[in-house]
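Peer 1: There's a structure below that I have some questions on.
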Amino acid sequence: MPASSTLVCTSLLRRSSATRHSGLKMSNSHQFSIEYRQYLRPDGTLSDASPELATRLDELTRLYQLMSLTRTFDAKAIALQRTGKLGTYASCLGHEAAHIGMGSAMRPEDCFAPMYREYGAQFARGVKMSEVLLYWGGDERGNDFSVPRHDFAWCVPIATQCLHAAGAALAFKLRKEPRVAVCVVGDGGTSKADFNSAVNAAGAWQLPMVLVIVNNQWAISVPRKAQTGAETLAQKGIAGGIRSLQVDGNDIIAMRAAMDEALARARADRGPTLIEAITYRLSDHTTADDARRYRDQAEVDDAWTREPLKRLRVFLEARGVWDQAREDLWKITCAKKVDDAVAEYLAQPKPELGDMFDYLYAEMPVELKRQREHALRFPELNHGH
Ligand SMILES: Cc1ncc(C[n+]2csc(CCOP(=O)(O)OP(=O)(O)O)c2C)c(N)n1
Ligand SMILES: [Mg+2]
């Protein structure tokens, strides 16, 4: 990675001057730099010294198509929720580059530990759109992805997936398998002990792990600034001895290149990486939220000027590999793929009512047995999605 292609931000936290502490031995341990990478600017132009990926127009077109498909899926999922066909749904609007940069860089044998809105990463890995819909429709079988079988299920308890990923990475290391565990956590999630424990484990054992913080500026209604006194979220990795950097999470080229590099290092047993992907949650937190109650529309409008799809489209059009006709055709393809997924989801037979009791305990506790019998006495509960 050419150093000239990066903007280097330096955070210097100095201890008070040595002269005022004469007699005390001072150390310089608080000095560090956080690198920030952006190649594809919001206006679709490319900075100098961009990585080789910027010349791979076929691959970038494929990534654009996947980002666009994910956005079509997202809009449809919200419409399904609004019309009573999904229970609730966490939108990924605005996160497409961060998510697809992650998922597309991974090898099938790597292991992904998602939270709850990284569909783009999962689609890149083969998870089906109908499986995502099934899960948000309240059916846990959606979590049992047909591919990849070894990825973790969605993890709503904030940041716990970081520990799962650290465990998987430790297993890969002990077995000497050239595989990497990738976990994703939100800006809010970095305030949790689970995240910090995972950072500690990854640093102490130099695990083959990539931790991606998707900093979308909000944890439901809590803004990034209220989450932590730390100037960057990336620096939380430095405390654990992990190579850490910031990336423009709306720049697919920077995101993917940073992932490629981090995965290659981890695979070669050269240690973990923490990537803080800076993006913005353009949607409500979930369909159960109304973000207008706590954030200004002006902030959202401003964030739209940096969103990830438009800049990539402008970039591809400027190189003659994309145009309005291709866009129109692709939109039709996306609508068809999403409609097919919705049909597949709606056609799924419901699980048996007893299933929600049956797989928790080897021996069912008496109270649960009683509840199960009670529920089965009302079979009408078992109708319809
Ligand atoms: C342990 C735990 N505490 C609280 C919650 C409720 N909760 C759900 S999402 C969320 C905010 C997460 O914000 P962030 O980590 O920034 O991720 P984002 O939703 O923005 O992607 C919270 C507090 C939870 N799911 N789990
Ligand atoms: Mg967040």
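Per-residue answers, yes or no, for (1) within 28 Å of R149 (Cα to Cα); (2) out of contact with any helix residue (DSSP H, G or I) (no Cβ under 6 Å at 6 or more places or on another chain):
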site: N196; (1), (2): yes, yes
site: Q217; (1), (2): no, no
site: P223; (1), (2): no, yes
site: I275; (1), (2): yes, no
site: R281; (1), (2): no, yes
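Peer 1: Looking at (1) under 23 Å from Y119 (Cα atoms); (2) surrounded by fewer than 19 Cβ atoms within 10 Å (Cβ to Cβ); (3) more than 16 Å from ligand 2 (Cβ to nearest atom), find the lone condition where R179 falls short.
Peer 2: (2)
Peer 1: Then there is this: Tell me the helices (runs of 4 or more DSSP H) entirely within the range 150-248 that contain at least 3 residues that are of a type outside the set (S, T, N, Q) and within 16 Å of ligand 1 (Cβ to nearest atom).
Peer 2: In the range 150-248, the matching helices (runs of 4 or more DSSP H) lie at 160-174, 193-205, 224-227.
Peer 1: Pick from R149, R117, R141: which is modelled with pLDDT of 95 or more, surrounded by fewer than 22 Cβ atoms within 10 Å (Cβ to Cβ) and not hydrophobic (A, V, I, L, M, F, W, C)?
Peer 2: R149
Peer 1: Can you tell me which residue in the range 276-288 is surrounded by the fewest Cβ atoms within 10 Å (Cβ to Cβ), limited to those that are of a type in the set (D, E, K, R) and within 12 Å of ligand 2 (Cβ to nearest atom)? Outline the logic, then answer.
Peer 2: The first filter runs over the range 276-288 and keeps only residues of a type in the set (D, E, K, R), leaving 276, 281, 284.
Now restrict to residues that are within 12 Å of ligand 2 (Cβ to nearest atom): 276, 281.
Numbers: E276: 24, R281: 26.
Restricting to residues being of a type in the set (D, E, K, R) and within 12 Å of ligand 2 (Cβ to nearest atom), the top hit is E276.
Peer 1: Of all helices (runs of 4 or more DSSP H) completely enclosed by the range 287-354, which ones contain at least 3 residues that are at negative phi and basic (K, R)? Don't jump to the end; show me each part of the working.
Peer 2: Values: elements: 297-304, 308-318, 324-347.
Those helices (runs of 4 or more DSSP H) span 308-318, 324-347.
Peer 1: Also, quick follow-up: What's the number of the condition L86 fails, among (1) in a loop (DSSP other than H, G, I, E, B); (2) surrounded by 23 or more Cβ atoms within 10 Å (Cβ to Cβ); (3) within 16 Å of ligand 2 (Cβ to nearest atom)?
Peer 2: Only one criterion is unmet by L86, namely (3).
Peer 1: Need the failing condition index for A198 against (1) crowded, with 24+ Cβ neighbours inside 10 Å; (2) within 30 Å of L312 (Cα to Cα); (3) of a type in the set (G, A, S), just the number.
Peer 2: Going through the list (1) crowded, with 24+ Cβ neighbours inside 10 Å; (2) within 30 Å of L312 (Cα to Cα); (3) of a type in the set (G, A, S), A198 breaks only (2).
Peer 1: Please work out if A257 is surrounded by fewer than 24 Cβ atoms within 10 Å (Cβ to Cβ), hydrophobic (A, V, I, L, M, F, W, C), away from ligand 2 (no atom under 16 Å from the Cβ) and at pLDDT 95 or above.
Peer 2: yes
Peer 1: Here's a follow-up. Kindly establish whether L368 is surrounded by 13 or more Cβ atoms within 10 Å (Cβ to Cβ) and more than 25 Å from L46 (Cβ to Cβ).
Peer 2: Details: surrounded by 13 or more Cβ atoms within 10 Å (Cβ to Cβ): yes; more than 25 Å from L46 (Cβ to Cβ): yes.
Spelling it out, L368 is indeed surrounded by 13 or more Cβ atoms within 10 Å (Cβ to Cβ) and more than 25 Å from L46 (Cβ to Cβ).
Peer 1: Can you pull out the residues in the range 141-167 that are among the aliphatic types (A, V, I, L, M) and closer than 16 Å to M115 by Cα?
Peer 2: Selection gives A153, V156, I158, A159, L163, A165, A166.
Peer 1: If I filter the range 124-149 down to residues being part of a helix (DSSP H, G or I) and among the acidic types (D, E), which single residue comes out as nearest to the chain's Cα centre (by Cα)?
Peer 2: This residue is E131.
Peer 1: Restricting the search to the range 37-54, which residues are within 13 Å of N250 (Cα to Cα) and surrounded by 12 or more Cβ atoms within 10 Å (Cβ to Cβ)? Before the answer, list the steps.
Peer 2: First pass over the range 37-54, keeping only residues within 13 Å of N250 (Cα to Cα): 37-44.
Listed by number, the residues that qualify are R37, Q38, Y39, L40, R41, P42, G44.
The values are calculated or read from the model by the stated rules, or taken from the named source; none is laboratory data. Note that the structure is predicted; figures quoted are calculated from it, not measured. A quick note on method: Cβ atoms are made from the backbone with ideal geometry, for glycine too, and the neighbour counts reach across all protein chains shown.
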